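The values are calculated or read from the model by the stated rules, or taken from the named source; none is laboratory data. The structure displayed is predicted, hence computed values, not measured ones. Don't worry about glycine lacking a Cβ; one is built from the backbone with ideal geometry, like all the others, and counts go over all protein chains shown. When the accessible area is computed, the model is the full protein with side chains, heavy atoms only, and any ligands, DNA or RNA have been set aside. Shrake-Rupley method; radii C 1.70, N 1.55, O 1.52, S 1.80 Å.
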Amino acid sequence: MRIGLVTDGLPDLALPDLMHTAAELGIATLEFGCGNWSSAPHLKLDALLASTATRNDFLTQLAAHGLSISALNCSGNPLHPGEHGRAHREVTSKTIRLAGLLGIPRVVMMSGCPGGRGDANANWITTAWPPEAARVLEWQWSEQVIPYWRGLVQEAQTAGVVRLCLELHGQQNVFNVATLLRLREAVGPMVGANLDPSHLFWMAADPLAAVRALGEAIHHVHAKDTRINAPVAAVNGQIDVTPMDRLDARAWSYVTLGDGHDAGWWRRFCAALRDAGYDDVLSIEHEDMALPPIDGVRRSVALLREVIAT
């Protein structure tokens, strides 16, 4: 397996410094945010789309540092009602085109979540009751999610992208194994999972069981950990709207690899991935608010190096 990095984890580094740092740490491959929920700190989407010379220079700089690109990332909500959704759909389409032009086979994103017939914002349905919840959910899938994704698969085929990698994330219609497989059945095997165990942890799923269930539908992997704050979770459960920076008050928080689950767990995770046929990049996504980013990335690299080697 190769160690990668979502470059948004080091947003304050200029691109040359980022590449130097990644190479120094032993990172092999980078995943670049292109917009939507990413500020795209290291990639100018429109400039790269507009110029072959700019694209060639970008790839040359990476190669000079011994780096490759694992994926482009345009995570957002392309199904959001109104102008917000239109803007995210535009960035999504541009990202897919750029991936094709750069010869990158994978785009990481999220499924999106529509409103519920007239809503101004996304409406994430998480229960089958009361009855209107089930009706809204079925409308979302049949009228919004599946039609959009059928079109996006065609866009990707035209661009030369072969894998659309969906992060199983809350506030999205595709948030677990079952919903990923539902979309994959409807639109084809180009759609697969960007498997990020951190989200499965807080949704009380077992990432190891998810790996076994997904098998060849795993297209990409994020390496990110979650720590469950057991006393808070015992009282309030793990559905938590406490602000993310109130670490002591939350039922769970994203943490540096090893601070939620030890090296033994990550070793089992890597073994399960290999058994499922995935022996590719583990893209570190640093979102630990308690550590300086460079420290968290460095510690995460060290842990992955340890578990991959054994």
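Heavy atoms of the protein chains alone define the surface here; on that basis the range 149-294 has 42 Å² accessible area per residue at 1.4 Å probe size. Averaging the sequence gap over all C-alpha pairs within less than 8 Å and six or more residues apart, then dividing by the number of residues, gives the range 131-235 a relative contact order of 23 percent. I want to make sure I understand the PRE zone here: with the label point 7 angstrom from the Cα of Thr158 toward its beta carbon, which residues in the range 96-126 have backbone N atoms less than 13 Å away? Residues passing the 13 Å test: 96-98. In this simple spin-label model, placing a label point 7 Å from the Cα along the Cα-to-Cβ direction at both Ala50 and Arg86 gives a separation of 2.2 nm. The equivalent ellipsoid of the chain has semi-axes of 28, 26, 18 Å, largest first, where each one is the square root of 5 times an eigenvalue of the Cα gyration tensor. At the listed q of 0.14, 0.19, 0.20 Å⁻¹, the Debye profile of the range 43-180, built from one uniform point per Cα, gives log10 I(q)/I(0) equal to -0.68, -1.07, -1.15.
Legend: calculated FRET efficiency, Ala178 to Arg117, from the Cβ-Cβ distance at R0 = 25 Å, rounded to 0.05, equals 0.60.
The Cα-based radius of gyration of the range 235-284, divided by its Kirkwood radius, gives an Rg/Rh of 1.11.
The helix-only estimate of mean residue ellipticity at 222 nm for the chain, built from DSSP H runs of length n ≥ 4 each weighted as -39500 (n - 2.57), is -13500 deg cm²/dmol after division by the residue total. Accessible surface for Trp139 stands near 50 Å², nearest 10, in the context of the full protein assembly shown (1.4 Å probe). Once each of the trypsin sites (Lys or Arg not before Pro) sitting in a DSSP loop with at most 15 other beta-carbon atoms within 10 Å is removed, the chain keeps 118-245 as its longest stretch. Share of carbon and sulfur in the accessible area of the range 144-286 stands at 52%, probe radius 1.4 Å. For a modelled paramagnetic label at Asp57, 7 Å from Cα along Cα-to-Cβ, no residue of the range 92-130 is in reach, as no backbone nitrogen comes under 15 Å.
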